[in-house]
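Below is one structure, written out as structure tokens, with a few remarks after it.
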Amino acid sequence: MVSGIGVITAVGRSAIAEVFHTLVVQPTSFCNLDCAYCYLPDRRSRRLMTVEVARACATSIEQQGSEHPVSVVWHGGEPTATPIGHFRNLLTAFEPLRRTGRVRHEIQTNATLIDQRWCDLFAAYRFEIGVSVDGPGTLNRNRVDRAGRPTVDRTMRGVQVLADAGLEYSVICVVTPETIDHADDLVEFFTGLPGCRSVGFNIEEQEGAARLPVSEGSAYRFWRQLVRRRVDGSRLRIRDLDRLADYLAAARAGQVEHTPYEPIPTVSCDGQVVLLSPELLGITDPEYGDFIAGNVVAEPISAMLARAGGLRYITEFVSALNDCADRCEFYDFCRGAQAGNRYFEHHTFTARETLYCRTTRQALVRATADHLTPHGGRA
């Protein structure tokens, strides 16, 4: 049975939600950095989102009528490469919704361009701030500018400006084959980072860059060391461990929620919309085309979701997601391999398991279980 975008499973729930609670928007595709693992195809383009597109995004949020607030995530490129006056104009479109609690703003930034003007804007619009940095010194070696120069000092200056302004932020740290054996160094660094309230560790994913992957054994040892540090009293909040702890608490209480999969619409500078994975924006494939579900200026996102079941990549993903639910012992926690990982690792959405599953979800669960079980342990 089919209802809108969602394939109804045997337990009567849609695999993918018909409303969105996260909207990723691209104020510019340009980025001032040239990270070794970056997947963005248009990061040299200086295109800017128009106010017309921003207004159409706000209209899509208003028209879907959900009482749940929508997180508008300003991504890129590097969103602070947008001229700040233009960025403020884009925010104006969402202001009636923000003031009534229907929108909240988030931004993911490399922090190299942060100054007091940006801090004032973040404070005025109550942004949740995410900073991308991979660690101290050479552990941040993959995050370089277009001349190949290190950027960690510029990022540290930016986070200090945030801290001096009284603005807290979370961190996303990409863990690579070069840094996977430095769990202790990373914990010490992020524990002492001014203004950092939590860190999420993203094991490097296969998203187009021709780089060697992190091995499953290395990932297991990395997570086990983080669990050990947590048990020994580390005060650093780690997103990944917190998520697992929340899941275990809910499972013990019999309160695990089987919510539909978030469609994650992502809107480009010119209003084009892809679903399921921001990483698909700007990608063209001979089998799947350009992944575009529509243009937000021409129609609301709810209309795109209503007919998205006709898109090949959506139907393949839904089928594979339901296969995960039926066959994988980790599904209740991980909620199935992400669409971008399935595609970039296997060039199809039908693959059930990915390396990302094994290094970021399965290795985390096994490392935690082995550390907390008296006779647990793996090489």
What number, in percent, do you get for the relative contact order of the chain if the mean sequence gap of Cα pairs under 8 Å and at least 6 apart is divided by its residue count?
-> 20 percent
Taking H placed 1.01 Å from N in the peptide plane, check which residues at least 5 places from V144 or on another chain put their amide H under 5 Å from its amide H.
-> D34, C35, A36
Check: C-alpha center region 231-302 vs C-alpha center region 86-116, spacing in Å is 19 Å
Where labels lie 7 Å past Cα in the beta-carbon direction, separation of E62 and T284 in nm | 3.5 nm
For the chain, calculated [θ]222 nm from helices alone, where every DSSP H run of n ≥ 4 adds -39500 (n - 2.57) = -10500 deg cm²/dmol
Calculated from the structure, Rg and Dmax of the Cα atoms in Å equals which of (i) 21.6, 70; (ii) 20.5, 60; (iii) 19.4, 59?
-> (ii)
Dipole magnitude of the chain, debye to nearest 20 (Cβ charges: Lys/Arg +1, Asp/Glu -1, about Cα centre) = 520 debye
Cleavage-rule hits (GluC sites (Glu not before Pro)) in region 194-277: DSSP loop, at most 16 neighbouring Cβ within 10 angstrom = E257
Based on Cβ point charges of +1 for Lys and Arg and -1 for Asp and Glu, what charge dipole magnitude is obtained for region 170-308 about its Cα centre, in debye rounded to the nearest 20?
-> 780 debye
Can you work out the FRET efficiency for the pair A369 and V51, with r the C-beta to C-beta distance and R0 = 45 Å, to the nearest 0.05?
-> 0.30
Rounded to 5, percent antiparallel among DSSP beta bridges of the chain | 30 percent
Let me have the relative contact order for region 122-268, percent, based on Cα pairs under 8 Å that are six or more residues apart.
-> 21 percent
Taking the Cα-to-Cβ direction at D232 and at D145 and moving 7 Å from each Cα, how far apart do the two end points lie in nm?
-> 3.8 nm
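Rule-based calculations on the coordinates, nothing more; no lab input. Computed from a predicted structure; not experimentally measured. Methodologically, a virtual Cβ is constructed for each residue, glycine included, from the backbone with ideal geometry; neighbour enumeration extends over all protein chains shown.
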